[in-house]
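J.: What follows is a single structure, and I will ask about it in a moment.
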Amino acid sequence: MRVYCAENYEAMSRRAANIISAQVITKPDSVLGLATGGTPVGAYRQLVEWYKKGDLSFAEIRSVNLDEYYGLSPWHEQSYRYFMQSNLFDHIDIRPENTHVLNGLADNAQRECERYNQLIHDLGGIDLQLLGMGHNGHIAFNEPGDDFGLETHLVTLTDRTIDANTRFFERREDVPRQALTMGIKNIMRARRILMVVSGADKAEAVYQAFCGRVTRDVPASVLQLHPDVTLVGDRDALSKLLEAGVPVCG
């Protein structure tokens, strides 16, 4: 595992964007696994800036997103499809047909999950998977206790996850109770994994994920078993790793 420590969120975002852009330049038809949430927004903003300067092209890139709320339409402003359009896809030259997000309005959740697994397989697998991490160590919507052997599946969100996402909705009651998500097995099959973390409130989760034992109680801890993981965080998020003497790059 490689760990990069940045001074602040902006520097962390640039470092993460550098890694993603290098993947795009090295393999222009890469399959990128993409994430939503507040943490990757800065990296997406940087990628858009480089695209507009003519430094990058996403014309051949294919993307698959980690998850989507079940029950929200793609046009709902809190859907993850809407998030990706607003923060990245609408501002670069990626072909719309090459962007893939789970269908939150699928009539049959199980069939939609099976379709998504087959899609990832047909694309040849994920070259670089971008991840964030929740305060309890969850990745995508894989919560503590979930089976590491699961592929894409329907999940019922925990109260803590619902609470964390309430800030994006007018009322807590408006937060969807279920989501479709790639499973740990999908994530671990990616050739490379890039995790981004920011803020002191993530420090304990980061420490448990990368210095603790591998356990379903901390889903991100399974990344210790992956052969190619890069962790990029700001100094606050990595503070407990630094205290523990984990080697980091500047």
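J.: Among the residues of segment 93-114, count how many are assigned to a helix (DSSP H, G or I), under 19 Å from V31 (Cα atoms) and of a type in the set (D, E, K, R).
T.: So the count comes out to 2.
J.: A further question follows. Does segment 188-199 contain any residue that is over 18 Å from A109 (Cα atoms), over 19 Å from the mean Cα position of the chain (by Cα) and without any contact (Cβ under 8 Å) to a residue 60 or more places away in the chain?
T.: no
J.: Just checking, does segment 195-209 include any residue being in contact with a helix residue (DSSP H, G or I) (Cβ under 7 Å, 6 or more places away or on another chain) and farther than 29 Å from E7 by Cβ?
T.: Checked against the condition, which is being in contact with a helix residue (DSSP H, G or I) (Cβ under 7 Å, 6 or more places away or on another chain) and farther than 29 Å from E7 by Cβ, segment 195-209 yields no hits at all.
J.: Looking only at residues that are touching a residue at least 60 places away in the same chain (Cβ under 8 Å) and in a helix (DSSP H, G or I) in segment 206-217, which one is surrounded by the most Cβ atoms within 10 Å (Cβ to Cβ)?
T.: My answer is A209.
J.: Here's another thing I want to ask about it. Can you tell me which residues in segment 52-84 are assigned to a loop (DSSP other than H, G, I, E, B) and of a type in the set (S, T, Y)?
T.: Within segment 52-84, S57, Y70, S73, S79 qualify.
J.: Select from segment 1-51 the residues that are open to solvent by 20 Å² or more (accessible area, probe 1.4 Å), among the small types (G, A, S) and in a helix (DSSP H, G or I) and list them in ascending order.
T.: A11, A22
J.: Please go through segment 229-239 and pick out each residue that is open to solvent by less than 20 Å² (accessible area, probe 1.4 Å) and not polar (S, T, N, Q).
T.: Those that are open to solvent by less than 20 Å² (accessible area, probe 1.4 Å) and not polar (S, T, N, Q): V229, L231, V232, G233, D234, A237, L238.
J.: Only one of (1) surrounded by fewer than 17 Cβ atoms within 10 Å (Cβ to Cβ); (2) assigned to a loop (DSSP other than H, G, I, E, B) fails for I162. Which number is that?
T.: In the conditions (1) surrounded by fewer than 17 Cβ atoms within 10 Å (Cβ to Cβ); (2) assigned to a loop (DSSP other than H, G, I, E, B), I162 misses (2) alone.
J.: Looking at segment 104-118, which of the residues that are polar (S, T, N, Q) and surrounded by fewer than 14 Cβ atoms within 10 Å (Cβ to Cβ) is nearest to the chain's Cα centre (by Cα)?
T.: Applying the filter and picking the extreme gives Q118.
J.: Here's another thing I want to ask about it. Only residues that are buried (at least 17 other Cβ atoms within 10 Å of the Cβ) and not aliphatic (A, V, I, L, M): list them for segment 165-178, please.
T.: The answer is N165, P176.
J.: Next question, about the same structure. Looking only at segment 68-93, which residues are crowded, with 21+ Cβ neighbours inside 10 Å and touching a strand residue (DSSP E or B) at 6+ places or on another chain (Cβ under 8 Å)?
T.: E68, Y69, Y70, S79, Y80, R81, M84, L88, F89
J.: Being over 22 Å from A43 (Cβ atoms) and of a type in the set (S, T, Y) is true for just one of T158, T181. Which residue is that?
T.: Of T158, T181, the one residue that is over 22 Å from A43 (Cβ atoms) and of a type in the set (S, T, Y) is T158.
Residue-by-condition table, conditions (1) open to solvent by 20 Å² or more (accessible area, probe 1.4 Å); (2) touching a Cys at 6+ places or on another chain (Cβ under 8 Å); (3) assigned to a strand (DSSP E or B):
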residue: K185; (1), (2), (3): yes, no, no
residue: V196; (1), (2), (3): no, no, yes
residue: E204; (1), (2), (3): yes, no, no
residue: V222; (1), (2), (3): no, no, no
residue: P227; (1), (2), (3): yes, no, no
residue: L241; (1), (2), (3): no, yes, no
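J.: Next question. Would you say V246 is under 15 Å from R2 (Cβ atoms), touching a residue at least 12 places away in the same chain (Cβ under 8 Å) and part of a loop (DSSP other than H, G, I, E, B)?
T.: The answer is yes for V246.
J.: Here's another thing I want to ask about it. Among the residues of segment 109-141, what is the count of those that are in contact with a helix residue (DSSP H, G or I) (Cβ under 9 Å, 6 or more places away or on another chain), at pLDDT 95 or above and polar (S, T, N, Q)?
T.: 2
J.: Those residues that are over 26 Å from Y116 (Cβ atoms) and without any contact (Cβ under 8 Å) to a residue 40 or more places away in the chain, I need them from segment 27-51; list them, please.
T.: Within segment 27-51, G42, Q46, E49, W50 qualify.
The values are calculated or read from the model by the stated rules, or taken from the named source; none is laboratory data. It should be emphasised that the depicted structure is a prediction, and the values quoted were computed from it without experimental measurement. With ideal geometry, Cβ positions are generated from the backbone for all residues, glycine too; neighbour counts draw on all protein chains shown. When the accessible area is computed, the model is the full protein with side chains, heavy atoms only, and any ligands, DNA or RNA have been set aside. Shrake-Rupley method; radii C 1.70, N 1.55, O 1.52, S 1.80 Å.
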